[in-house]
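Bear in mind these aren't lab numbers, they're just calculated from the coordinates by the rules spelled out. From a predicted model like this one, the values you see are computed outputs, not experimental measurements. When we count neighbours, we look across all protein chains shown, and the Cβ atoms used for this are built from the backbone with ideal geometry, even at glycine.
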Amino acid sequence: ASGGPAREVRTTCPYCGVGCGVVATVTADGGVSVRGDAEHPANRGRLCSKGSALADTLVPGEAGGRLLHPEIGGRRVSWDTALAEVATRFSDTIAKHGPDSVAFYVSGQLLTEDYYVANKLMKGFIGAANIDTNSRLCMASSVAGHKRGLGADAVPGTYADFETAKLVVLVGSNLAWCHPVLNQRLLAAKAEHGTRIVVVDPRRTASVDGADTHLALQAGTDSVLFNGLLVHLHAQGHMDAAFVADHAAGLDEALAAARADAPDIATVARRCKLSEAEVAAFYAEVATTERVVTVYSQGVNQSSQGTDTVNAILNTHFLTGRIGRPGMGPFSVTGQPNAMGGREVGGLANQLAAHMGFTSDEVDRVRRFWNAPRVADKPGLKAVDLFRAIEAGTVKAVWIMATNPAVSMPDAGRVRRALARCETVVVSDCIHDTDTGRLAHIRLPAAGWSEKDGTVTNSDRTVSRQRAFRAFEGEARPDWWILTQVARRMGFGDAFGYESPADVFREHAALSAFENGGTRAFDIGALAGIGHAEFETLAPFPWPWRAGGQPEARLFTEKRFFTGDGRARFVPVTTTPMPRALADGALLLNSGRLRDQWHTMTRTGLAPRLSAHAPEPCLDLHPADAAARGLSEGGLARIVTVAGEALARVHVTDAQGLGTAFLPMHWTDRFTEACVIGRLVDDEAVDPHSGQPDLKRMPATIHPY
Ligand code: SF4
């Protein structure tokens, strides 16, 4: 449509952690079209199917499912009434039961400025650390693994490394569907100069189509494979002795653990259910290729030993000194658009702010910077424990922002029961009818993509602006504004004087550099004095960007890590048994994304062309497993676990490993009450270091319906 001069606004895609730049063109009559931003370093003009359909999802008002006005008890109220009610309920609960009786559960969908204000209110002014995020389900194990190995939660390299590597190993990552533009860049590099690609995944995913090798290992044995690789590289003389001697520590302990776990290729092959030839060929390829990038994602993270698996991968890069140089390094790809930004400001319950923890020095530093009355001095409840505390009644008021835990948390049935009995449930969301919103006492309409303004950080530490180009729907407001208004009504107005996202970003940047002596990984002190106009035009940049310095796209070029002595840490890893017993006849149920949907489909579900790819949830089964259960293509299956039941149509495919099944994660009660994956996975198996639930190995019995 036309009708006047069009304007173009540079913004960022709100879906996955690739963080593609988008140019939105808005005509005078309000029509919107999008294209990839050729100047954005993440995508250089590319978009995937979801990003290309963004304009289709901008359905105004109730037709778009939007929550348009504040509500209390299902009745429309004014903003002033709703904000006062939230402030009063939280203040009263804190007065009666103490600061630990309240909690925030937030989201990698929030912008960094939203996250910053939420974290400051909870950890600095309420005085508890009970703010956790759905990134706990996504990234927490990589965070914990990076801290142990690198001394900081810092992805070493840049997306350009995918293109300069000679070998890219995808571990538990369906890059083709979950990070499609990165996959496009990788395949373009392969076409140009023959990059080799190895996929390590129990499923034959779409990523295998572009790969040279698929290692279809047994679920949960990635740490065996990488422990064996460490042993092999060492035994065959591929150690970078100078790097290990001068820049790393702990090799002997890590090697001893690896030798006990995976002493030789025959053992690795047996435990991983691969052939010896497959393992030997993989090890030989890694050994003889200098430029190796090892990419890992949810198949690694969403496990009760995700953190250890991350460290098993890091160990192999330390041994060979393949880190801090072009085309090599470990590389975690994040699920959500701003999982990284949330971590920067302390959105996880076990971080304080600006990547600081809870040492007395850090608590004191943050207290003085915020001039805060009662900074939390110990970690708060991680997601699974947080909802259990709500169930137990020790957390009595919770504010959930931009996420749908009644679907996405493991044991979603338990989460629903917990929320149903909670004294105060506040939900801020763009969407009116969400599974979690149905359980809320107070609903606050949040601004959505195209309306909100701020920053996000993608998987390679690039901070990008998300910019507004449409008016707020109804009475929707940005999350940072809602939080600021509540903080003021709780009596904290002096510290919450923000009038714009630029105000928040400026303070966030200043805190990142406050008394850190240039030694912390996350530091964007160069932007501590950024003005409104400069914030408006801020171009994408990678952190750190220290005062007086330049943005640093690559870390560890000087082989100095963020540990006390500057050395990388090898971590001993021992593979643990499966966390749940597998009864006779049961299959291991896996879950994950589809190519064209996002999370619980509140946005992508509005674009018919996206639904065409997979109109309903299907249970993928290996032909032999289907036949053994009397199931065939298109039939209906009943899926039963200790946590719950579901129904789904069967898709028989030999891409699915024998003894396993796969169900997509997107469908909710809004679409079908029959097939909610969160109801099928229990919350008993959790990584001891990261608190991330094991979501991909749930024993399930499958029957014809
Ligand atoms: Fe958006 Fe991710 Fe697709 Fe890029 S790859 S357009 S960030 S969904």
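Quick look at the values:
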item	result
Estimated [θ] at 222 nm from DSSP helical runs (n ≥ 4, -39500 (n - 2.57)) normalised by residues in the chain, nearest 500	-8500 deg cm²/dmol
Segment 557-621: equivalent-ellipsoid semi-axes (sqrt of 5 x gyration tensor eigenvalues, Cα, Å)	40, 26, 8
Pairwise Cα inverse-distance average, inverted: Kirkwood Rh of the chain (Å)	25.6
Segment 676-705-segment 235-287 distance, computed between alpha-carbon centres (Å)	30
For segment 161-202 versus segment 495-555, the gap between their alpha-carbon centres in whole angstrom	32
Protection-proxy order for peptides 608-620, 338-350, each taking the mean of Cβ atoms within 10 Å per residue, highest first	338-350, 608-620
Using distinct alpha-carbon pairs, which all enter the 1/r mean, Kirkwood radius of segment 7-58 in Å	10.9
Anisotropy class of segment 438-480 from Cα gyration tensor, a/c 1.5 cut	oblate
Extended-chain gain in nm, criterion 0.36 nm per residue less alpha-carbon gap, N371 and V640	91.6 nm
Cα centroid of segment 76-116 to Cα centroid of segment 619-661, whole Å	43
Hydrodynamic radius (Kirkwood) for segment 1-118, which is based on Cα pairs only, to one decimal in Å	17.8
Förster-model FRET efficiency, 45 Å R0, T27 and T88, C-beta, rounded to 0.05	0.50
Convex hull volume of segment 74-162 per residue (C-alpha atoms, cubic angstrom)	166
Summed side-chain charge close to L121 - residues other than L121 whose Cβ falls under 14 Å, Lys, Arg +1, Asp, Glu -1	0
³J(HN,Hα), Karplus 6.51/-1.76/1.60, whole Hz, each residue of segment 681-692, x for Gly, Pro	9, 7, 10, 7, 9, 9, 5, x, 8, 9, x, 7
Label-to-label distance, nm, for residues given as D56 and E499 (7 Å Cα→Cβ offset)	4.2
Per-pair calculated FRET efficiency, R0 = 56 Å: T394 and E253 via Cβ, rounded to 0.05	0.90
Modelled FRET efficiency - R0 35 Å, L647 with R76, Cβ distances, 0.05 increments	0.45
Around A160: net Lys/Arg minus Asp/Glu count, Cβ-Cβ under 10 Å	-1
Additional length obtainable on full extension of the chain from T574 to R609, 0.36 nm per residue less Cα span	8.0 nm
Fraction of antiparallel bridges per DSSP, segment 140-333 only, in percent to nearest 5	0
Extension gain (nm, one decimal) between A471 and E534, 0.36 nm per residue minus Cα-Cα	20.5 nm
Rg followed by Dmax, in Å, when segment 587-704 is reduced to its Cα trace	14.2, 41
Percentage, to the nearest whole number, of Cα pairs in segment 140-333 over 24 Å apart	31
For V171, distant residues with modelled amide H under 5 Å away	V200, V295, Y296, S297
Principal axis box of segment 183-241, alpha-carbon based, largest edge first, Å	35, 29, 13
Per-peptide average of other Cβ atoms within 10 Å, ordering 281-288, 178-185, 299-306 highest first	299-306, 178-185, 281-288
Beta bridges by DSSP in the chain, antiparallel share as percent, to the nearest 5	45
Surrounding net charge for P623, when Lys and Arg each add one and Asp and Glu each subtract one, Cβ distance under 12 Å	-3
